[in-house]
């Protein structure tokens, strides 16, 4: 029936509820049938204000651009200059975020190491300890110090190029980790000192310190064990970025890593991923403001992560005041995660390429988020490393392209004045003017 | 014996000198005086040293110890012998929170009482406490043995994995999934060895054994609350 008069009395067409959408209803039915929450990998899938909502202004009458190919636009960054004897020097302002062996396969960790080393940047261990694959193939390796302390030992601590104390992550600020039994192989179990095949939890808080005053002493211990040689990062999930950054600096961090809710996790409750934390766009300016208020901007470096996909994202994060970005999900996609070539197998798992997020189940057709030997063998770590290197090069070239267009001879010279916002929300969060105006929403004494 | 005055020479010089012993090995016996509750004393040792601290220590004394024997002739602040890999740490007095946290190996002996979360997330360390332990001890303990010659506080062994707990006195309450288990001959033998190494004259037969019921090893609806 339509509203054509020939069909009789006009009738209301079926209307789907925006609130009780098909997806929401499906989740209600799933919950009713199983009685337990949904667990998945990845970061927030909901639409949130993002770096996409910003634009660069480029050069014009008042600014000179640099020539696109020949004029120098440096990308080197140094992290950990505050206290460490050996800060980390990177060729590019893009690092690989912490992803555990256990969540990822050994070949995937090797591929990340190979690609990062080719590109002149660092990788990060993740929960579960340091693997030889990653140490050997990562020229610069950041060793995460997590609440679980799985695999933690002083020998690996001293083999690390930096230590990252994980207080939280953007996908689940305030939450711990999960690694379900399907992925607890003999090797993973041995590294974590757990029975094989059990569903394993990584606790949500550290076992031997509480609060920033204790953390300051913990950092002292780690520095004494490593002879004050390597930088100490503190990673926080985006929640209270101004105060978290302030407290991290007070506790003695060389580097603050700020992870927005778009950042991925190996496995957590969907409700946590989608409803706890802040988008990265809301985090960067507040973290920068905290550093500036303490006179520590550029003294303590800021690395930001969560939803970085392109060189434009990189450039925007740097323009807002970050010293570097970190990528996780994008690096996995570069290796082959969610590639349409595996569509038939994604369909068998009840999903489709691009939407696959049951990383915790260990059945990843791309062979990345699995410990299944047959699936793992699908990822060639040499080829994976080559692809990651290519991708990192493209991100860098794109960021350079934008920086040159803004007249900058170093990507870190990008600044908020190079940006405008497309939406009022983004303008208010980024503390930059709405496009085409001199209005800073939420900021007193600006126009309009 | 090498005597090191922490007050005059400083923490960095102490730990640098002790860590040099993993290569130099020219001083096997050390005495640290004037610790005055300082933090991170004798951390990251990796040599068969015999270190005595004359006085009480702050946080993380003997953290991540390997091979060395560290004797604290006083009381220890939070996190003593945290993440110890091997060797032995003896505390003459009491130990604060998180004693032996996440330890992978070696032996920690506390001759007084240990505060809350003793042996939290332990991964193979053996801990012998002559006195009592506080609440949430052996929380998420994965492997190793916790021996409590006195009483244990609330929520003992909450979310326990495969660590063994032996308690001689009372247990205020057991944590989630921690249950009393039968003390079999092999456990008495393990306990006898621990008590002997822990310099404790208690008898194994006086203890009860606690361990994981292994009901939380897999997520299901009954475990989700």
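Scoring A:248-258, A:272-282, A:180-190 by mean Cβ neighbours within 10 Å over their residues and listing the highest first yields A:248-258, A:272-282, A:180-190. Relative to the longest principal axis of the Cα atoms of chain B, the long axis of helix B:11-20 makes an angle of roughly 90 degrees. By DSSP, the beta bridges lying fully in chain A are antiparallel in about 25 percent of cases. Length gained on full extension, residue A:386 to residue A:78: 108.5 nm, using 0.36 nm per residue less the C-alpha separation.
Mean projected area of the convex hull spanned by the Cα atoms of the stretch A:115-260, taken over all viewing directions: 8.8 nm².
Taking 25 Å as R0, compute the FRET efficiency from the Cβ-Cβ separation of residue A:437 and residue A:409 and round it to 0.05. It would help to have the intermediate numbers written out before the result.
Working: r = 29 Å, r/R0 = 1.17.
It comes to 0.30.
Computed over chain B with a Gaussian network model linking Cα atoms closer than 10 Å, the most mobile of B:171, B:43, B:29 is B:29. If you wrap the Cα atoms of the stretch A:49-96 in a convex hull and average its projected area over all directions, you get 6.4 nm².
Projecting the alpha carbon convex hull of the stretch B:141-225 along each direction and taking the average yields 5.6 nm².
Coordinate range of the alpha-carbon atoms in chain B per principal axis, descending: 56, 38, 28 Å. With a 10 Å cut-off around each Cβ of B:72-79, the average count of Cβ atoms from other chains is 2. Between residue A:70 and residue A:293, the contour length at 0.36 nm per residue exceeds the alpha carbon distance by 76.5 nm.
Remark: the residue A:59-residue A:242 segment gains 62.7 nm on full extension, using 0.36 nm per residue and subtracting the alpha carbon distance. Hull volume per residue, based on the alpha-carbon atoms of the stretch A:283-356 and their convex hull, is 90 Å³. What angle do you read, to the nearest 10 degrees and between 0 and 90, between the alpha-carbon axis of helix B:185-197 and the longest principal axis of chain B? With both axes taken from Cα atoms, the answer is about 20 degrees.
If you bin all the Cα-Cα distances of the stretch A:41-430 at 10 Å, starting from zero, the percentages per bin are 5, 25, 36, 25, 9, 1, 0. DSSP assigns beta bridges within chain B; of those with both partners inside it, close to 15 percent run antiparallel.
For the stretch B:69-191, report the translational diffusion coefficient in µm²/s to the nearest whole number, using Stokes-Einstein at 37 °C, 0.692 mPa s, and a Kirkwood Rh over Cα pairs. Please list the in-between numbers first.
Details: Rh = 13.5 Å.
It comes out at roughly 243 µm²/s.
In the protein assembly as shown, the calculated helix contribution to ellipticity at 222 nm averages -7500 deg cm²/dmol per residue, counting -39,500 (n - 2.57) for every DSSP H run with n ≥ 4. What would the Debye formula give as log10 I(q)/I(0) at q = 0.11, 0.12 Å⁻¹ for the alpha-carbon point model of the protein assembly as shown, no solvent? Log-scaled intensity ratios, in q order: -1.12, -1.27.
Suppose R0 equals 41 Å; then what is the FRET efficiency for residue A:19 and residue A:132 from their Cβ-Cβ distance, rounded to the nearest 0.05? With R0 = 41 Å, the Cβ-Cβ based efficiency is 0.20. Taking 7 Å steps out from each Cα toward its Cβ at residue B:215 and residue A:424 produces label points 5.5 nm apart. Label positions at residue A:344 and residue A:9, each projected 7 Å from the Cα along the C-beta direction, are separated by 5.3 nm. Taking the Cβ-Cβ separation of residue B:182 and residue A:204 as r and a Förster radius of 30 Å, what is the calculated FRET efficiency to the nearest 0.05? Result of the calculation: an efficiency of 0.35. Beta bridges per DSSP, both residues in the stretch B:97-215: antiparallel share near 30 percent. Placing dummy labels 7 Å off each Cα toward the beta-carbon, the span from residue B:206 to residue A:417 is 7.7 nm.
If we sort A:73-82, A:397-406 on the protection proxy, mean other Cβ atoms within 10 Å, highest first, what's the order?
Numbers: A:73-82: 19.9, A:397-406: 21.5.
With the highest mean Cβ count within 10 Å placed first, the list reads A:397-406, A:73-82.
Only the coordinates and a few stated rules stand behind these numbers; no lab work does. Note that this is a predicted model, so its numbers are computed, not measured. In this analysis, Cβ positions are derived from the backbone assuming ideal geometry, glycine residues included, and neighbour counts consider all displayed protein chains.
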